[in-house]
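Next up is a structure, given as structure tokens.
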Amino acid sequence: MTERAIPTPAAIKERHVELVKAHLSHVKDVRENSLDEFRCLWDAFNVMYENMRPELVCTMKKEPSERDAAKYCASRLEYSEWITLFDKSKLEKLLSITPIFDERSWNREAKKNQVQYRNLAKYAKKPLTGNPDEDVAAYYALIDLLYVVRCNLYHGFKTPYGPRDNEVMEATVPLLRELVTKLATKFLEGYFAN
């Protein structure tokens, strides 16, 4: 049996670029299905934040969670780029549906944990200050909520047959699409150098 060579950082980065492109290319094929589109977009996001994990590990005293990695990657966008996600018309659909909750906690502990949804709703109700240091909590609240939706989907609690599931996906996919598209542009241009 031959041993596999350990890939170089450049080879890893090249593979990650290929994966991001493939996931984003697949989005075009599944655009009519919001669950599949969410999944493809998140897969591209996942590759980008995993690419940054070594850098993140060096900045933390503990092993970063996947949620930490997602927020760290999202922080690569400038304030002027992510603030557009908070346009009232973009959040309106999301904030008009029944609150999103962590379905795994609900199934395990019979608790509807709506903390992430409520945090985002709290930030969306007040105008952003224009100060990135003050407003970043709102941005991270959005990433947290998208992460909850991702967990609900990847742990099997979302199907294309549930009206509520489709409602959640249709409310979150446009936000995730904008976030991932902006991040991917930077990633593919080499902005995420590590």
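The values are calculated or read from the model by the stated rules, or taken from the named source; none is laboratory data. Source: prediction; values computed, not measured. Glycine also receives a Cβ, built like all others from the backbone with ideal geometry; neighbour counts cover every protein chain displayed.
How many residues are in contact with a helix residue (DSSP H, G or I) (Cβ under 9 Å, 6 or more places away or on another chain) and either surrounded by 19 or more Cβ atoms within 10 Å (Cβ to Cβ) or part of a helix (DSSP H, G or I) (or both) if we restrict to region 55-76?
Number of matching residues: 11.
In region 16-35, what residues are modelled with pLDDT of 95 or more and charged (D, E, K, R)?
Once the filter is applied, which keeps residues that are modelled with pLDDT of 95 or more and charged (D, E, K, R), region 16-35 yields Glu18, Lys21.
Can you spot a residue in region 77-100 that is farther than 15 Å from Leu175 by Cβ, surrounded by 17 or more Cβ atoms within 10 Å (Cβ to Cβ) and out of contact with any strand residue (DSSP E or B) (no Cβ under 9 Å at 6 or more places or on another chain)? Write out each step before concluding.
Step one: list which residues in region 77-100 are farther than 15 Å from Leu175 by Cβ, which gives 78-80, 98-99.
Filter once more, keeping what is surrounded by 17 or more Cβ atoms within 10 Å (Cβ to Cβ): none.
So far as region 77-100 goes, no, none of its residues is farther than 15 Å from Leu175 by Cβ, surrounded by 17 or more Cβ atoms within 10 Å (Cβ to Cβ) and out of contact with any strand residue (DSSP E or B) (no Cβ under 9 Å at 6 or more places or on another chain).
A further question follows. What pairs come up if the first residue lies in region 5-24 and is outside any helix (DSSP H, G or I), the second is among the basic types (Lys, Arg), and their beta carbons are under 8 Å apart, counting only those six or more places apart or on different chains?
Pairs that qualify, where the first residue is outside any helix (DSSP H, G or I) and the partner is among the basic types (Lys, Arg), are Pro7/Arg15.
List the helices (runs of 4 or more DSSP H) that sit entirely inside region 91-194 and contain at least 1 residues that are among the hydrophobic types (A, V, I, L, M, F, W, C) and at pLDDT 95 or above. Reasoning before the result, please.
Numbers: elements: 103-109, 115-125, 132-154, 163-188.
Where helices (runs of 4 or more DSSP H) fall fully within region 91-194 and carry at least 1 residues being among the hydrophobic types (A, V, I, L, M, F, W, C) and at pLDDT 95 or above, they are 132-154, 163-188.
Would you mention how many residues in region 147-194 are out of contact with any helix residue (DSSP H, G or I) (no Cβ under 8 Å at 6 or more places or on another chain) and among the hydrophobic types (A, V, I, L, M, F, W, C)?
Adding up the residues that qualify gives 1.
Which residue pairs have Cβ atoms under 9 Å apart, sit 6 or more places apart or on different chains, and have a first residue in region 76-97 that is over 16 Å from Leu145 (Cβ atoms) and a second that is hydroxyl-bearing (Ser, Thr, Tyr) and surrounded by 14 or more Cβ atoms within 10 Å (Cβ to Cβ)?
Close Cβ pairs satisfying both conditions: Leu77/Tyr139; Tyr79/Tyr139; Ile83/Tyr139.
Now a separate question. Determine which member of the set Tyr139, Tyr117 is among the hydroxyl-bearing types (Ser, Thr, Tyr) and in contact (Cβ under 8 Å) with a residue 60 or more places away in the chain.
Working: Tyr117 fails: in contact (Cβ under 8 Å) with a residue 60 or more places away in the chain.
Answer to the check: Tyr139.
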